[in-house]
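S.K.: Mind looking over this structure? Questions follow.
The values are calculated or read from the model by the stated rules, or taken from the named source; none is laboratory data. The structure presented is a predicted model; accordingly, all values stated were derived computationally and were not measured. With ideal geometry, Cβ positions are generated from the backbone for all residues, glycine too; neighbour counts draw on all protein chains shown.
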Amino acid sequence: MAALVVLLAYAATLYNQLVALKHNVTKAWSNIDVLLKQRHDEIPKLVELCKQYMRFEQGTLERIMEARARLSHARSRGDLGALGAAEGQLRLGLGQLFAVAEAYPELRSNDRFRHLQQRISGIENAIADRREFYNESVNLNNVRIEQFPDVLLAQLFSFGPRDLLKFQHEELQDVDLKGLFS
């Protein structure tokens, strides 16, 4: 009888740990989602301000807004693959925008532009930190649900693996500053 109580207590402990891991992944994703929403709200302000100065750079601004729309759509569907691709395109577009802005001294000296640039850069850094935390949470979850004896409870209670948020190939590339100005 004592062995059964110990076994049930052990099973309950494992179950509670799996639940905690599952909710940590959800919390980590929610943290990213908040930052994506903040960035989503800031980008139109930046693009609108840049339009006033960068009349000949409409292609860069349009690519940013298209990537923003794809990112929003992927975020609302919870599609991590599409979100990763759109995220890469948006980050690339923002990098190009900030690089191209160097050719516009009036824009660079505009206080509102500098504020938006710093705000978006800060959000980008926070997103990178949160992505790391999310992927660590996913990894902990995925490892635990495959380990014995956790795998038995995980299968019994349908604890499934979660997808990592992966960097897209374009995101790993440096921005070609020379190509932007030639």
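S.K.: Out of segment 117-152, which residues are at pLDDT below 95, crowded, with 19+ Cβ neighbours inside 10 Å and of a type in the set (S, T, N, Q)?
M.R.: Matches in segment 117-152: 117 only.
S.K.: Which of the residues spanning segment 50-60 are modelled with pLDDT under 85 and under 15 Å from residue 116 (Cβ atoms)?
M.R.: The answer is 51, 52, 53, 54.
S.K.: Considering segment 40-67 alone, what residues qualify as being touching a Pro at 6+ places or on another chain (Cβ under 8 Å) and either surrounded by 19 or more Cβ atoms within 10 Å (Cβ to Cβ) or closer than 16 Å to residue 121 by Cα (or both)?
M.R.: Within segment 40-67, no residue meets the criteria.
S.K.: Is there a residue in segment 102-109 that is touching a Lys or Arg at 6+ places or on another chain (Cβ under 9 Å), over 28 Å from residue 55 (Cβ atoms) and either crowded, with 19+ Cβ neighbours inside 10 Å or free of Cβ contacts under 8 Å to residues at least 24 places away in the same chain (or both)?
M.R.: no
S.K.: Here is a further query. Only residues that are under 13 Å from residue 136 (Cα atoms) and of a type outside the set (A, V, I, L, M, F, W, C): list them for segment 24-46, please.
M.R.: 24, 26, 27
S.K.: Suppose the filter is touching a residue at least 60 places away in the same chain (Cβ under 8 Å) and either touching a His at 6+ places or on another chain (Cβ under 9 Å) or within 15 Å of residue 41 (Cα to Cα) (or both); does residue 88 pass it?
M.R.: The answer is yes for residue 88.
S.K.: Also, quick follow-up: Out of 72, 76, which single residue is assigned to a helix (DSSP H, G or I), farther than 25 Å from residue 118 by Cβ, of a type in the set (Ser, Thr, Tyr) and at pLDDT 85 or above?
M.R.: The unique qualifying residue is 76.
S.K.: Would you say residue 34 is part of a helix (DSSP H, G or I), within 26 Å of the chain's Cα centre (by Cα) and not polar (S, T, N, Q)?
M.R.: The answer is yes for residue 34.
S.K.: While we're here: Test residue 19 against the stated conditions and say whether it is over 24 Å from residue 131 (Cα atoms), at pLDDT 90 or above and either touching a Pro at 6+ places or on another chain (Cβ under 8 Å) or not polar (S, T, N, Q) (or both).
M.R.: no
S.K.: Moving on. Can you tell me which residue in segment 1-43 is nearest to residue 150 (Cα to Cα), limited to those that are among the basic types (Lys, Arg) and out of contact with any helix residue (DSSP H, G or I) (no Cβ under 6 Å at 6 or more places or on another chain)?
M.R.: Selected residue: 22.
S.K.: Need at least 1 residues that are under 22 Å from the mean Cα position of the chain (by Cα) and closer than 25 Å to residue 82 by Cβ per element, so show me which helices (runs of 4 or more DSSP H) inside segment 104-165 make the cut, counting only ones lying wholly within it.
M.R.: Counting at least 1 such residues, we get 111-144.
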